[in-house]
1. Beyond 18 Å, what share of the Cα-Cα pairs of region 202-293 remains, rounded to the nearest whole percent?
2. With r defined as the distance between the Cβ atoms of ARG320 and PHE169 and R0 fixed at 35 Å, what FRET efficiency is calculated, to the nearest 0.05?
3. For region 1-122, what is the charge dipole size about the Cα centre, in debye to the nearest 20, if Lys and Arg each add +1 at the Cβ and Asp and Glu each add -1 at the Cβ?
4. On the accessible surface of region 258-341, probed at 1.4 Å, how many percent belong to carbon and sulfur atoms?
5. Would you please give the residues with an amide H less than 5 Å from that of VAL207, counting only those at least 5 places away or on a separate chain, with H modeled from the backbone geometry?
6. Identify the GluC sites (Glu not before Pro) of region 182-259 meeting these criteria: DSSP loop state and at most 15 other C-beta atoms within 10 Å of the C-beta.
7. What is the distance in Å between the Cα centres of region 158-196 and region 1-52?
8. Here is the link list: LYS155/LYS249; LYS155/LYS210; LYS35/LYS249; LYS210/LYS287; LYS210/LYS263; LYS35/LYS263. Which ones come out longer than 32 Å on Cα distance?
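The values are calculated or read from the model by the stated rules, or taken from the named source; none is laboratory data. Just so it is clear, the structure is predicted and the values come from calculations on it, not from any experiment. Positions of Cβ are generated from backbone atoms using ideal geometry, with glycine treated the same way; all protein chains shown enter the neighbour counts. Just the protein is used for accessible areas: all its heavy atoms, side chains included, with ligands, DNA and RNA removed. Shrake-Rupley method; radii C 1.70, N 1.55, O 1.52, S 1.80 Å.
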Amino acid sequence: MQRLLVTGGCGFIGSNFIRHCLSTRDNVTIINVDKLTYAGNLENLADLEGDARLLFRRGDICDRAFVQQVLADQPVDAVLNFAAESHVDRSILDSGPFVQTNIVGTQVLLDACREAGIGRYVQVSTDEVYGSLGADGLFTEQTPLAPNSPYSASKASADLLVRSYVHTFGFPAVITRCSNNYGPYQFPEKLIPLFISNALNDRPLPVYGKGENVRDWIHVLDHCRGILAAVEHGQTGEVYNFGGKCELKNIDLTRTLLRLLGKPESLIRYVTDRPGHDLRYAIDCSKAERELGWSPQVDFETGLRETIDWYRANSEWVERIQSGEYTSYYERQYGERLGDS
Ligand code: NAD
Ligand code: DAU
């Protein structure tokens, strides 16, 4: 029996991971610890309600006594830390919660896991810790850390803490660094779900700058498969990059989305660029292919079509999110009320 503690399991990737893990592994039980911030949504796991293999504990990973109690109540074999403040634009508006959850929360988890003698810890990190690429080259696990946003600086800080616990205490941690995920249950502040949702409602798509920035897109299930491979086969102290081998300029992605949605390009609106906007991310994931036996499986256009279908079929999920805190964030970020244009 493999017992896992997943933090941030009510978010986009965490909820997809829990579903993937329970559907592909026998004899797994999962404790999901989540604070339920604006991004955490119990609806993301509604289909698993009543499943005895999944237990939910609401709480903050920064709360040392709470984390210690969870680990004392339910001893686990491995801890996977997905919990984070995850949106770059929000980190530019206010970096405070990013420092708190992403750095202090990671430190609290590391201490509690060490005290509890956890056998495997996975830090779910991001390719953004490497900074920005020019026209050529790929991020490898050896690329120096050079984060450019408060979000990526907080994730890089957490990675360095994890590294230091491995070096100093022999703590059994691995770090995974993945590129841009897309798929079902992604909060509609991120590019793909925001643009799908706006286009479906004939609202403008706010492309930052000239849309020349490049991201590497990976289906969330491919990321989840990679994280599971890292839990099962990763070596202590190692970093594993995951990517989708699918580099796209934002403007090209936007045009593809509009084509698949049957919407006109006149919906494109060029808006003020993101401050400090990283130009290009691209990943060399050959180490994960070689050492974990992992590779990305989902073809981008197929995955994007399925994602569009999911957002069409789950418009009420989107509407419930957009009726909450999200409206004030949208106004602050885009200078207009959602639905005004
Ligand atoms: P998300 O914002 O959708 O979900 C984050 C979850 O963490 C939410 O359920 C939230 O309630 C929870 N959470 C936040 N603060 C918490 C706290 N203090 N205590 C407990 N729970 C808390 O994020 P996501 O996109 O699913 O990202 C998950 C992880 O993967 C993050 O660590 C992120 O840095 C990393 N990552 C994301 C991407 C991507 O493209 N989305 C790519 C690479 C890595
Ligand atoms: O690379 C991995 C990272 O990918 C993760 O660590 C982050 O958690 C995740 O949010 C994502 O970061 P990005 O900043 O790359 O994702 P986002 O969806 O916010 O933006 C993708 C690109 O689209 C980026 O170049 C900015 C641009 N963009 C984004 C928004 C929200 C726009 O042009 N307009 C927008 O309204």
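1. Details: 2384 of 4186 pairs.
The proportion of pairs with Cα distances above 18 Å equals 57 percent.
2. Details: r = 43 Å, r/R0 = 1.24.
Computed FRET efficiency for ARG320 and PHE169 comes out at 0.20.
3. Numbers: 11 positive and 15 negative charges, 54 e Å.
The calculated dipole for region 1-122 is roughly 260 debye.
4. Details: 2050 of 4730 Å².
For region 258-341, the apolar C and S fraction of the accessible surface comes to 43 percent.
5. Residues meeting the amide H criterion: ARG269, TYR270, VAL271.
6. Numbers: sites: GLU189, GLU212, GLU232, GLU238, GLU247; in loops: GLU189, GLU212, GLU238.
Sites meeting the loop and neighbour criteria: GLU212.
7. Cα centroid of region 158-196 versus Cα centroid of region 1-52: 16 Å apart.
8. Values: LYS155/LYS249 24 Å; LYS155/LYS210 27 Å; LYS35/LYS249 34 Å; LYS210/LYS287 34 Å; LYS210/LYS263 20 Å; LYS35/LYS263 37 Å.
As for pairs spanning more than 32 Å Cα to Cα, those are LYS35/LYS249; LYS210/LYS287; LYS35/LYS263.
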